[in-house]
Amino acid sequence: MFSLAVLPILSSFVLVKLSRSIFERRNLRLGTGGIAVLMVILVLASSMMAGVAARSYPITGRFVEGNNGVPCTWFVSLDGTTPFAQAQLSTNLIPNPGSILVGTAGEDITAFLHSVVTSDESICFGAAIFPVGDSAIGLANNLVFSGIPGATIFQLGPGTARHMINWRTVSNFTIYGITFDGNAHGEADASDRTAGELVVLRSPSNNRIVLDRVVCENARNGACLDLGGNNLVVRNSRFVHNSGDAGASIWPVDHIHFGTSVGVRVSDNYFDDCTDTALAMDHVSLATVAGNTFKDCGGQLWTYTPVGGGASTNATVGGNVFRQTKYLGPAIRIDSFGDSTVTPAAIGVTITGNSFSNLQQGSYDLIELAWADEITVNGNTIQSASTDPDKYAIAAISDADLIVNSNTFLNINSGGAGKDTLFQAIAGFSVAGNTFQTAHVGLEFGCCASASSNGAVVNNMFDSVTNPIIFTTFPTNTVIGNNHS
């Protein structure tokens, strides 16, 4: 370890002495430009000779929480296939900054980090591909993992799909700038879906977990990220190619799954290509989903369900882009997901200021709202090209206190079969100030259940809509008026 630390100093010293000797013996003189060139040559030469030490200069900090810089206690990187860690500050393990821990050639990062990770640490990772073997990375409380976005990569080694991180309860844990690569093509399917999830922090007792500028990709089974607990944040991140090796896996894959959680914020992320759900929330309260781009997932893009404990409550979904260009799946689905013992499935969801589009020919609903209370769909742009006359841009069934106001339904299947909205057995509703364009049906009050009741359909514009409003069952105690076509 001593030689690693002093090698660049010694190499520079030797080169300087050698050059000085040459010039003195030959009585040569250098101008300012010549001295500058010589110094550059010396620095480059010493760097080439430095090996590991050239990659272990102290790093003073990483921006991991807004504008608050967090100093590194350790800098971790690789020399070839050998991991090393240089202490940047006094730590519980090594009190002297500059001290270096060196692993063994080919050692995976999980085993090496056992000597580094402890509470109250901020561990910074260099630009390298760190292999993750058969055991998961251990964590501690009050811990930061900070990498170089796009250059710090944790990659699952070939084998059976398995966890990269799978930890019990943790508090105050931040991951910044790290790519988690599940190497889906290099993995065999796990024995069950959850065994193959990549990053698993699902304890309901977790408190304050932040993922910022991460990439989670190429999961083979289950989910790329599975979270639970209180005060959870996922922001400025990318979730891509979590499709089970392009659908080869026997298990479907989510980008992110939230189990029992309170206080969730998912913002300014990019989601693309999964075989199940981009963002699944089961038994979640106080959720904000804002400014994300959701694209192409086979199951649905966002879902809010009671699975795992009870109704999901109080969510705001705003300013997102939802697009399906590959799958005939909904953008949003709120329902019981098979847990019929829980009614309602969700309470208090506001869906506002989003853009929805699925312009494929085929059979699908774009937004499904079932067995939910106090749902507001307001100020969205909604496009669907479904060619199934029994599917809708918004299908609402057995809800209470449903508001669908000030939305634009745009170019809904210009071929003529499309339907904008279905209201079936809705107790208390408002459909007001919407614009319906180019559809076969604007609003249908459906059959086969209790009649909808206690509502208002007012001040809507129907433009090039063949049947603005149709009734299979007529809603009771409902005001319909001042609509235009």
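Which of the residues spanning the stretch 163-182 are on the phi < 0 side of the Ramachandran plot and open to solvent by 30 Å² or more (accessible area, probe 1.4 Å)? Before the answer, list the steps.
Narrowing the stretch 163-182 to residues on the phi < 0 side of the Ramachandran plot: 163-171, 173-176, 178-182.
163, 166, 167, 168, 169, 171 - these are the residues of the stretch 163-182 that are on the phi < 0 side of the Ramachandran plot and open to solvent by 30 Å² or more (accessible area, probe 1.4 Å).
List the number of the failed condition for residue 427; all other conditions in (1) within 19 Å of residue 323 (Cα to Cα); (2) open to solvent by 20 Å² or more (accessible area, probe 1.4 Å); (3) touching a Ser or Thr at 6+ places or on another chain (Cβ under 6 Å) hold.
Against the list (1) within 19 Å of residue 323 (Cα to Cα); (2) open to solvent by 20 Å² or more (accessible area, probe 1.4 Å); (3) touching a Ser or Thr at 6+ places or on another chain (Cβ under 6 Å), residue 427 comes up short only on (1).
Being open to solvent by less than 50 Å² (accessible area, probe 1.4 Å), out of contact with any Leu (no Cβ under 8 Å at 6 or more places or on another chain) and not in a loop (DSSP other than H, G, I, E, B), is that true of even one residue in the stretch 326-343?
No.
Tell me which residues, restricted to the stretch 85-100, are without any contact (Cβ under 8 Å) to a residue 60 or more places away in the chain and either under 21 Å from residue 156 (Cβ atoms) or touching a helix residue (DSSP H, G or I) at 6+ places or on another chain (Cβ under 9 Å) (or both).
85, 86
Among the listed residues 180, 154, which satisfies the condition of being more than 20 Å from residue 121 (Cα to Cα) and among the aromatic types (Phe, Trp, Tyr)? Walk me through how you get there before you give the answer.
Numbers: 154 fails: more than 20 Å from residue 121 (Cα to Cα).
Testing whether each residue is more than 20 Å from residue 121 (Cα to Cα) and among the aromatic types (Phe, Trp, Tyr) leaves just 180.
Please tell me if residue 188 is touching a residue at least 12 places away in the same chain (Cβ under 8 Å), in contact with a Ser or Thr (Cβ under 8 Å, 6 or more places away or on another chain) and farther than 18 Å from residue 78 by Cα. Walk me through it before giving the result.
Working: touching a residue at least 12 places away in the same chain (Cβ under 8 Å): yes; in contact with a Ser or Thr (Cβ under 8 Å, 6 or more places away or on another chain): yes; farther than 18 Å from residue 78 by Cα: yes.
In short, yes.
Sort out which residues of the stretch 203-246 are farther than 24 Å from residue 190 by Cα, hydroxyl-bearing (Ser, Thr, Tyr) and under 16 Å from the mean Cα position of the chain (by Cα), and write them in order of number.
237
I'm trying to understand the selection: among the residues of the stretch 384-404, which are surrounded by fewer than 20 Cβ atoms within 10 Å (Cβ to Cβ) and not in a loop (DSSP other than H, G, I, E, B)?
397, 400, 401, 403
The values are calculated or read from the model by the stated rules, or taken from the named source; none is laboratory data. The structure displayed is predicted, hence computed values, not measured ones. Quick reminder, even Gly has a Cβ in these numbers, built from the backbone with ideal geometry, and neighbours come from all protein chains shown. When the accessible area is computed, the model is the full protein with side chains, heavy atoms only, and any ligands, DNA or RNA have been set aside. Shrake-Rupley method; radii C 1.70, N 1.55, O 1.52, S 1.80 Å.
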